Structures are given as structure tokens and as C-alpha cells.
Amino acid sequence: MILKFYKSDNLTGLVLLPVMALFFWLPGLLNPNPMDFSGASPLFQWVLNLGSPFFSTAIALLIIVISGLILNDVINKNQIFNRNTFLPALLYLMFMSAIKEHQVLSPIVISNLFWILAFKRLFNIYSQAPCKKEVFDATVLMLFGGLFYFPSILMVALVWIALKIFRPFVWREWVLPFFAFTIFGLYWIVALVWGSMLNNWLSYFTFDTEQYSSINIAISWPYYILLGVVFVLVIFSGYNMSRQYKASSLRFRKIIFFFLFILFLSITIVSLVKHFSNENIYVLVGAVPLSLLITFYFNYAKKEWLSQLFFYAMFISILVNIYLY
């Protein structure tokens, strides 16, 4: 029922998405669980201290819903699927709600929003003759994401990847990200020196164990079930994507090729964080590419009963993990 409803472009799905969000995050809202983010970026710590734990949790939920809607809008506007769907927004919400310890305002929540916005700008360069503004904006947005969650700064590489895939070579466009980085860095350093916070940020821009293990996740069997179902769905989705790739237009092939690099960079970030800590963030960092990839399976699945089985296995395992563990 839920899967069939969100596979369509019924606008009621947008109205009900915040209701679904409250359903997943109700335990976190009723009993906010403040976490130790002393190793996180100074900017994130400042944001975290703006309000009470309940306020921070509510803001996190609002950011996740907005991020899911923006991601969904990008996917529908670029006609990645044969019809509009609200399934990517729902899947993003589910993945970002899957770990109950992370039902707080965390650096990944904010960082994901910035690089989803950058993702939107990069898709625009396909249809824009002069795309300098899009390239500059995407670079700055990804740099902002790195200020909240440093490993996500690797996503800046997507700017050059998008230029390579979507555009003919224009050297000014390839140099522009370096210009954006320089301008952004100069303004940021001046602000830090003015506020006497330069030393705090120098210690943040490192890969160390304490910075990325601030949340100890109690792994339960429902979470293992979720990871297992997601793994199977990734395989099935890859097969469906390859079939669509062979029979589609050049534009669609370029978009899929670009998406594969997003998936690769997400895996790289997870691997780096896993190397420096024991933090299990597979679902959170991979929420964006997983939302798009798994939508391929649900949208083109030939056996409806099997897709329903997989969806409700994910749905129920997340609920059990949130409410019973």
C-alpha cells in the first residue's frame, strides 16, 4: 500500500511525508538523546547550542524532510524515471531514520543537505550554455558541507566529474572550482582569525578516531536485516539500471554514469570514516545514492509481490530497531 502510493506522482504523498517523518522520529522527539559532539566542527557545535535537545532534534527532522524533497525534485525534473515518483524522498527519509542513535542533529544531516543542493546545481549544467554560476555555486555548497562533516569534502570532485561527463572541455570552467575554493578559503580564514578560532579549526581538519566515533551504535538484529535487504536491493537495482542503460538515450546514460561516481565517492567516504573509527554510518552517508539506486528496482520490478516484500522488510526492520531496541 505505502510502496504503491509513493511510486505514483500523487501529490498527497508530499503532504503525508512529514507525517511519515514524525512516525519514524517520534521516539527521538519525545525523548531527545543528546550526544557528545565535542569532536565535531566548531561551526556544527555552534549550531547545536542554539536551542534545547528537542529543538535540535526537530530541526534535524525538518532538514531531512527538506533534503528528501529537494532530492526528489531533482530526480523528477531530470526525468530519470519514466514517470514522476515520490519514492526517492520516502527512501531518503527511511535511511536517515534507520539508526535511532542518529535521530539527533548530527553533522551528516546538515552536510547531506548542502551536497544535495550542490547535486541540483550540477544537474543544471547539462542544459546551461554558460554554466560558470552553477559550477561556482556547487563548489561553494560542497565546501560548506565539509565545514560540518569534513569527509564529505571529497564530493567536490563531483564538480570536475560533472564537467567531464556533461560538457565539452572549456578550461575556464575547469579552473573555476579552484577559484571558488580560494575565495571561500580566504573569507573563511579572515573570519576565523577575526574570531580567534583558527586553532580550533586546524585541529578539526584532520582524520582522527575521536572526531568520527562520537556516537556508539548498539547494533541489533533488525539493523542487520535492514543492511541485508539493502544489499540485495542494490544488486537487483544495479541489474535494472544496466537494462535501462542499454536501451536509453545518451542523456540518460550520462546521468547514470554521473550517478555511479556519486556512489563511488560515498563508498570512499564510508571507507575512510570506518578506517579511522568504529562508527557505522553506511546507511547515512549512502542515503542519497541508495535512494536513487533502489528506486530503480521498485520502479521497474516485474514481480510486485517481491518488491512489496523487500520494501516492508526494510520498513518494519527500521521501526523495530527504533521502537523496540
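The values are calculated or read from the model by the stated rules, or taken from the named source; none is laboratory data. In this text, all values refer to a predicted model and were calculated from it rather than measured experimentally. Virtual Cβ from ideal backbone geometry, glycine too; neighbours counted across all protein chains shown.
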**OP:** Sort out which residues of the range 72-93 are at pLDDT below 85 and charged (D, E, K, R), and write them in order of number.
**Re:** Lys77, Arg83
**OP:** Collect the residues in the range 3-49 that are surrounded by fewer than 12 Cβ atoms within 10 Å (Cβ to Cβ), within 23 Å of Ile322 (Cα to Cα) and touching a residue at least 60 places away in the same chain (Cβ under 8 Å), keeping them in residue-number order.
**Re:** Asp36
Subject >> Pairs where the first residue, in the range 233-254, is closer than 16 Å to Phe311 by Cβ and surrounded by 14 or more Cβ atoms within 10 Å (Cβ to Cβ) and the second is β-branched (Val, Ile, Thr) and modelled with pLDDT of 75 or more, C-beta under 9 Å, 6+ apart >> reply: Leu233/Ile294; Val234/Ile294; Phe236/Ile294; Ser237/Ile294; Ser237/Thr295
**OP:** Would you please list the contacts, defined by Cβ atoms under 6 Å and residues six or more apart or on different chains, that run from a residue in the range 50-74 that is touching a residue at least 24 places away in the same chain (Cβ under 8 Å) to a residue that is among the basic types (Lys, Arg)?
**Re:** Val74/Lys120
Original post:
Which condition breaks for Gln45 when tested against (1) in a helix (DSSP H, G or I); (2) polar (S, T, N, Q); (3) modelled with pLDDT of 85 or more; (4) out of contact with any Pro (no Cβ under 9 Å at 6 or more places or on another chain)?
Top reply: (3)
**OP:** Filter the range 51-106 down to the residues that are of a type in the set (D, E, K, R) and under 24 Å from Ile125 (Cβ atoms), then identify the one that is surrounded by the most Cβ atoms within 10 Å (Cβ to Cβ).
**Re:** Asp73
**OP:** Can you confirm whether the range 51-74 contains a residue that is assigned to a loop (DSSP other than H, G, I, E, B) and either farther than 15 Å from His102 by Cβ or out of contact with any Asp or Glu (no Cβ under 9 Å at 6 or more places or on another chain) (or both)?
**Re:** yes
**OP:** Out of Lys132, Lys100, report the one residue that is within 30 Å of Leu226 (Cβ to Cβ) and of a type in the set (Lys, Arg).
**Re:** Lys100
**OP:** Please indicate, with yes or no, whether at least one residue in the range 159-172 is touching an Asp or Glu at 6+ places or on another chain (Cβ under 6 Å), surrounded by 18 or more Cβ atoms within 10 Å (Cβ to Cβ) and closer than 17 Å to Leu122 by Cβ.
**Re:** yes
**OP:** Any chance you could count how many residues in the range 285-302 are surrounded by fewer than 23 Cβ atoms within 10 Å (Cβ to Cβ), within 9 Å of the chain's Cα centre (by Cα) and assigned to a helix (DSSP H, G or I)?
**Re:** 1
Original post:
Just a yes or no: is a residue in the range 240-258 modelled with pLDDT of 85 or more and of a type in the set (Gly, Ala, Ser)?
Top reply: no
Original post:
Conditions: (1) part of a helix (DSSP H, G or I); (2) closer than 30 Å to Ile256 by Cβ. Asn84 meets all but one. Number of the miss?
Top reply: (1)
Original post:
If you go through the range 108-157 one residue at a time, how many are modelled with pLDDT under 85, aromatic (Phe, Trp, Tyr) and not in a loop (DSSP other than H, G, I, E, B)?
Top reply: 2
Original post:
If you scan the range 89-104, which residues turn out to be outside any helix (DSSP H, G or I) and over 14 Å from the mean Cα position of the chain (by Cα)?
Top reply: Ile99, Gln103, Val104
Original post:
Is it fair to say Leu147 is in contact (Cβ under 8 Å) with a residue 12 or more places away in the chain and in contact with a Ser or Thr (Cβ under 7 Å, 6 or more places away or on another chain)?
Top reply: yes
Original post:
Here is a list of conditions, (1) of a type outside the set (Val, Ile, Thr); (2) at pLDDT below 90; (3) under 23 Å from Leu69 (Cα atoms), and Lys303 meets all of them except one; can you say which number that is?
Top reply: (3)
Original post:
Which one of these does Met35 not meet: (1) closer than 23 Å to Leu319 by Cβ; (2) at pLDDT 80 or above; (3) not in a helix (DSSP H, G or I)?
Top reply: (2)
**OP:** Quick one: count up the residues across the range 150-173 that are under 16 Å from Phe258 (Cβ atoms) and without any contact (Cβ under 8 Å) to a residue 24 or more places away in the chain.
**Re:** 3
